[in-house]
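First comes the structure, then the notes that go with it.
The values are calculated or read from the model by the stated rules, or taken from the named source; none is laboratory data. Note that this is a predicted model, so its numbers are computed, not measured. We place every Cβ from the backbone using ideal geometry, glycine too, and count neighbours over all the protein chains shown. SASA here: full protein model, heavy atoms, side chains in, ligands and nucleic acids out. Shrake-Rupley method; radii C 1.70, N 1.55, O 1.52, S 1.80 Å.
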Amino acid sequence: SLVGGDADFFPRATTVGDFLRQRYARWIDSGHLKILGQLPHSEVLHHMRHAWATVVPSIWENFPNTCIEAMGERQVVLASRAGGQAEMIEHDGVNGFLFDWQTSGEFERQVQRILDLTDTERLALAQKAHQRITTLCDPVTVIPQRLAHYRSIIAQQQPRRIFPCVHQLTPEGGGNAPAGLNLFPSQTP
């Protein structure tokens with residue numbers, strides 16, 4: 001089941017969804033592939049909980065919520081090594097699975113590893129995924145760290161005498177300040 005919104009696929013002058021529907025029509029017709037589109041969040045979580053695994057195929061991603069949610073739901077995750085999801089999983093085969101798009105056949109091999117898991121192995125790996133993401137994203141730990149960071153940044157703030165701009169402004173009149181605007185109040189015109 002493929003869940004998520006659609007996007008333009010400019011190289012083929014179509015959308016990603018339409019491209020996939022055309023390219024994988026026989027899989028869709030046979031019921032092996034379902035393109036569900038964008039769903040309410042509660043339905044996404046429902047599908048995630050009832051899947052054998054969740055795939056996060058992003059080729060660039062900072063800290064994907066999909067991976068956080070799947071691991072938080074005690075789900076086995078197969079994710080691309082490109083981006084923050086690889087840091088979340090951390091150890092391939094221990095608390096999730098990783099693949100590299102640049103390595104031919106690696107995605108398929110990792111899917112097969114996941115499909116070969118026994119129920120007991122799958123549940124143990126999913127529990128480790130949950131422990132990992134809880135440790136990494138626990139609000140009890142993360143919020144105080146974030147607040148401490150913000151406080152340190154605020155404490156370092158220096159008052160500004162002028163509004164920051166692209167061009168260098170000088171009291172001698174250089175720069176691009178509009179005529180009649182006194183950017184240096186300590187200077188008299």
Contact order normalised by residue count of the chain, Cα under 8 Å, 6+ apart, percent: 13
Calculated FRET value between Phe19 and Arg161, using beta carbons and R₀ = 45 Å, to 0.05: 0.25
Ranked order, Leu78, Leu36 - accessible area, probe 1.4 Å, largest first: Leu36, Leu78
Computed E for Asp6/Thr103 - FRET, C-beta separation, R0 30 angstrom, nearest 0.05: 0.60
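I want the antiparallel fraction of DSSP beta bridges within the chain, as a percent rounded to 5.
Details: 2 of 10 bridges.
Antiparallel: roughly 20 percent of the beta bridges in the chain.
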Charge dipole (debye, nearest 20) of the stretch 35-153; +1 at Cβ of Lys and Arg, -1 at Cβ of Asp and Glu: 320
Extended-chain gain in nm, criterion 0.36 nm per residue less alpha-carbon gap, His91 and Cys137: 14.9 nm
Theoretical ellipticity at 222 nm over the chain - DSSP helices of four or more residues, -39500 (n - 2.57) apiece, nearest 500: -13500 deg cm²/dmol
Extension gain, Arg146 back to Val111 (0.36 nm per residue minus Cα-Cα distance, nm): 9.0 nm
